[in-house]
Amino acid sequence: MLGTTEILLMVLTAGLFATALVPRFRTYRGLILGGAMLALITALFPRPGNLLGQHLFFSDDKSLRLPMELFGVAWWVLGAWLLRSLFQLLLRHTLFPDDNEPHARRLFADLISLLIYVLAIIGIMETVLKQPISTVLATSGVLAIILGLALQSTISDVFSGLAINIDRPFGAGDWITLSSDVEGQVIQINWRSTRIKSASNDIIVIPNSVVAKATVTSHRRLSDPRISTIELAVTAIVPVSQVIALLEAAAAAAPGISTGSHPTALAHAFRDAAVVYRLSYQVDEFPMTDLVTSDLIARAVSALQTHAIPIGPVPLRVQILRGTARTTVPAKVAGLPEVPGRPYAVLSSSG
């Protein structure tokens with residue numbers, strides 16, 4: 001009653017049912033049972049030489065015992081579901097092994113599912129319902145052109161979302177800055193848009209086509225800490241080595257600095273009668289950058305004030321105007337530091 005093909009399919013069905021009972025494969029039980037049912041339906045479906053299928057579906061007078069169309073539709077739908085599940089499993093273990101980007105994985109899974117079920121519908125119409133597929137494809141082609149023109153921006157967003165997830169310049173959880181001065185943490189990349197959570201806890205929804213065309217700076221893509229700098233001007237009458245030592249000592253004691261890193265201060269440029277210093281430091285977490293920067297500025301100012309070093313260009317002699325009288329006094333009388341042997345700068349100010 002059964003040919004070689006049917007016997008092999010029945011053996012495969014029994015093996016899959018037995019495998020589904022093994023506790024080790026409990027996670028894949030639904031997938032295994034679906035494969036077993038597909039193999040069983042394929043084995044029982046009437047084909048030349050399959051006497052069991054001929055007996056189940058046809059009576060002696062050649063009338064139908066079972067609805068073949070129903071079994072055909074079930075075979076295509078079950079096969080499409082099984083193929084879709086296999087692709088989802090493949091995505092989870094290849095492109096997204098850590099499952100840390102569920103939105104991107106779902107985007108690809110939805111697209112693959114759509115293509116598979118479209119093919120299944122075409123197969124049902126062609127092989128089960130015996131309808132000419134050419135007419136349907138021609139009608140659907142015209143409909144696709146109309147929908148493409150009407151949904152041009154939406155389609156652009158969809159394909160831009162696919163491009164972002166294929167190239168993966170950033171992902172969910174990354175902090176990014178767009179060329180439009182939008183900054184925040186990526187929380188979702190869906191079919192049409194990218195959702196960003198700003199530092200003020202606002203949700204910014206940006207179309208994927210805009211994101212794809214923008215210049216994006218990713219702050220958390222690499223494992224290296226973020227390097228930040230602050231600049232401040234200190235009067236040129238103070239030795240550069242002294243200012244550098246004070247700034248580096250103040251920055252090294254600040255919390256939030258990357259472990260194992262050492263802040264570095266350099267004399268960067270001249271500005272009037274001052275020297276511009278650049279203090280560089282590393283921060284592990286991008287959201288902490290502003291807090292660490294604020295603390296570093298406070299510590300730097302406090303360290304300079306403790307040593308009576310003013311910030312900015314400072315003269316060594318001050319001319320004080322009182323009406324028409326003009327009095328020249330040393331800078332230290334005015335509460336300013338004086339370094340012996342250095343030329344005096346002159347500043348006129350009202351008092």
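Just so it is clear, none of the values below were taken in a lab; they were calculated from the coordinates. From a predicted model like this one, the values you see are computed outputs, not experimental measurements. Neighbour counts run over all protein chains shown; Cβ positions are idealised from the backbone, glycine included.
Between beta-carbons, use under 15 Å as the cut-off and find the net charge around Thr154, counting Lys and Arg +1, Asp and Glu -1.
Numbers: positive: Arg192; negative: Asp110, Asp157.
Neighbourhood net charge equals -1.
At an R0 of 45 angstrom, the distance between the Cβ atoms of Ala214 and Arg92 translates into a FRET efficiency of 0.90.
Given a Förster distance of 30 angstrom, what is the FRET efficiency for Met10 paired with Ile121, based on the Cβ-Cβ distance and rounded to 0.05?
Result of the calculation: an efficiency of 0.55.
Tell me whether region 168-218 comes out rounded, prolate or oblate; compute the Cα gyration tensor, take square roots of the eigenvalues as a ≥ b ≥ c, and use a/c under 1.5 as the rounded threshold. Here region 168-218 falls in the rounded category.
About its Cα centre, how strong a charge dipole does region 168-218 have in debye, to the nearest 20, once Lys and Arg get +1 and Asp and Glu get -1 at the Cβ? Don't skip to the end; give the middle numbers.
Numbers: 5 positive and 4 negative charges, 49 e Å.
The dipole magnitude comes to about 240 debye.
Quick one: net charge of Ala20's neighbours, Cβ under 13 Å, K/R +1, D/E -1? After counting each charged neighbour, the total is +3.
Using 1/(1 + (r/R0)^6) with R0 = 56 angstrom and r between the beta carbons of Gln131 and Ile187, what's the FRET efficiency to the nearest 0.05? E between Gln131 and Ile187, to the nearest 0.05, is 0.80.
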